[in-house]
Amino acid sequence: MRLGIDLGGTKIAAVVLSGDGRAIWEARAATPRDDYDATVEAIAGLVAAGERAAAATCSVGLGIPGAVSPATGRIKNANSTWLNGRPFKEDLERRLGREVRLANDANCLAVSEATDGAASGARVVFGVILGTGVGGGVVVNGDIVTGANAIAGEWGHNPLPWPAADELPGPACYCGHRGCLETFLSGPGLAADYARRGGEALRSEDIVARASAGEALARTVLDVWEQRLARALATVINVLDPDVIVVGGGLSQLRDLYARVPPQWPAWVFSDAVVTRLVPAKHGDASGVRGAARLWPEG
Ligand SMILES: [Zn+2]
């Protein structure tokens with residue numbers, strides 16, 4: 001059986017998938033923030049619990065908010081920054097006594113949704129995570145495209161395209177640049193934009209609730225966020241031209257965005273018509289962890 005782990009910034013999710021793709025066991029644990037050793041231990045604890053529940057030794061696949069550097073074997077690009085520079089795969093393999101497969105969490109989302117989710121049957125799929133961070137992953141004909149530098153699909157640290165004067169130079173990003181997409185499109189980015197326009201310090205979900213309740217400032221901030229998302233995804237369409245863009249992460253729950261963003265694409269995409277579909281992840285929150293389990297083949 002296949003065990004998957006999705007290591008997020010606030011929680012770690014785990015699943016055991018049966019041969020036919022059913023979740024036979026699921027669990028969650030809080031992410032030990034800023035504590036590398038405790039993160040390894042928390043994952044080992046979930047693996048032990050899953051194997052007890054399944055009464056079997058499982059293959060282990062892990063989705064992480066970053067990538068294993070092909071150059072060093074260490075983690076890079078994680079917004080859970082305490083993982084960066086660490087030999088995480090090696091340490092997990094030593095702790096668990098077996099080979100472990102690691103992939104970027106957006107790649108896991110994309111492969112999960114391309115296999116039996118909202119992008120099932122699509123040839124070229126771009127998976128997007130809009131949450132604490134902004135990630136992306138590419139699946140073609142059912143296979144993850146990792147890339148020469150293990151950053152295929154990593155669009156979050158590209159600059160916001162076609163910026164207006166008031167969007168320059170953009171907020172500072174932990175990566176060292178300013179104006180990265182992540183600083184505008186992540187949950188914290190949305191919240192920061194609301195505060196910059198004179199709103200209170202609120203969480204993104206509270207801003208969404210206020211917009212639904214008719215607050216004008218919250219509605220403006222969401223309108224601008226959707227327009228920025230449309231611009232940002234237009235550059236992905238111009239490069240990759242996916243059949244389906246599937247969205248996961250906390251902000252994927254904004255049900256309006258699937259109707260409101262695609263009509264804005266023709267203004268930015270270099271094409272006479274745009275047929276790319278924008279859809280929420282069918283497996284929702286569980287998509288990343290299901291994709292992580294699928295990093296190993298069935299059987
Ligand atoms: Zn950045």
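The values are calculated or read from the model by the stated rules, or taken from the named source; none is laboratory data. Quantities reported herein were computed from a predicted structural model and do not represent experimental measurements. Please note: Cβ atoms are built from the backbone with ideal geometry, for glycine as well, and neighbour counts cover all protein chains shown. SASA here: full protein model, heavy atoms, side chains in, ligands and nucleic acids out. Shrake-Rupley method; radii C 1.70, N 1.55, O 1.52, S 1.80 Å.
Does segment 168-178 contain any residue that is away from the ligand (no atom under 16 Å from the Cβ) and open to solvent by less than 30 Å² (accessible area, probe 1.4 Å)? Among the residues of segment 168-178, not one is away from the ligand (no atom under 16 Å from the Cβ) and open to solvent by less than 30 Å² (accessible area, probe 1.4 Å), which makes the answer no. Here G121 clears all of (1) touching a residue at least 24 places away in the same chain (Cβ under 8 Å); (2) over 26 Å from T31 (Cβ atoms); (3) not hydrophobic (A, V, I, L, M, F, W, C) except the condition numbered (1). Cβ-Cβ distances below 7 Å connect the following pairs, each with a first residue in segment 164-188 that is within 18 Å of G9 (Cα to Cα) and in a loop (DSSP other than H, G, I, E, B), a second residue that is more than 10 Å from the ligand (Cβ to nearest atom) and hydroxyl-bearing (S, T, Y), and a separation of six or more residues or different chains: Y174/T81; S186/T132. Taken over segment 179-205, residues that are touching a Phe, Trp or Tyr at 6+ places or on another chain (Cβ under 9 Å), farther than 25 Å from G136 by Cβ and surrounded by 13 or more Cβ atoms within 10 Å (Cβ to Cβ) amount to 1. Looking at the structure I just gave you, is R101 among the basic types (K, R) and without any contact (Cβ under 8 Å) to a residue 60 or more places away in the chain? Judged against the criteria, R101 is not a match. Reported count of residues in segment 242-275, each being part of a helix (DSSP H, G or I) and free of Cβ contacts under 8 Å to residues at least 60 places away in the same chain, is 11.
Quick grid of which residues meet (1) modelled with pLDDT of 95 or more; (2) within 26 Å of G19 (Cβ to Cβ); (3) of a type in the set (S, T, N, Q):
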position	(1), (2), (3)
A55	yes, yes, no
S69	yes, no, yes
R74	yes, no, no
A78	no, no, no
E90	yes, no, no
R94	yes, no, no
L102	yes, yes, no
N107	yes, yes, yes
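Flag set for A27, criterion: outside any loop (DSSP other than H, G, I, E, B) and either of a type in the set (A, V, I, L, M, F, W, C) or closer than 29 Å to N141 by Cβ (or both). Using the structure shown, decide if L222 is within 16 Å of the ligand (Cβ to nearest atom) and over 19 Å from G135 (Cα atoms). In short, no.
Residues V239, V221, V208: which one is open to solvent by 70 Å² or more (accessible area, probe 1.4 Å), β-branched (V, I, T) and in a helix (DSSP H, G or I)?
After applying the criteria, what remains is V239.
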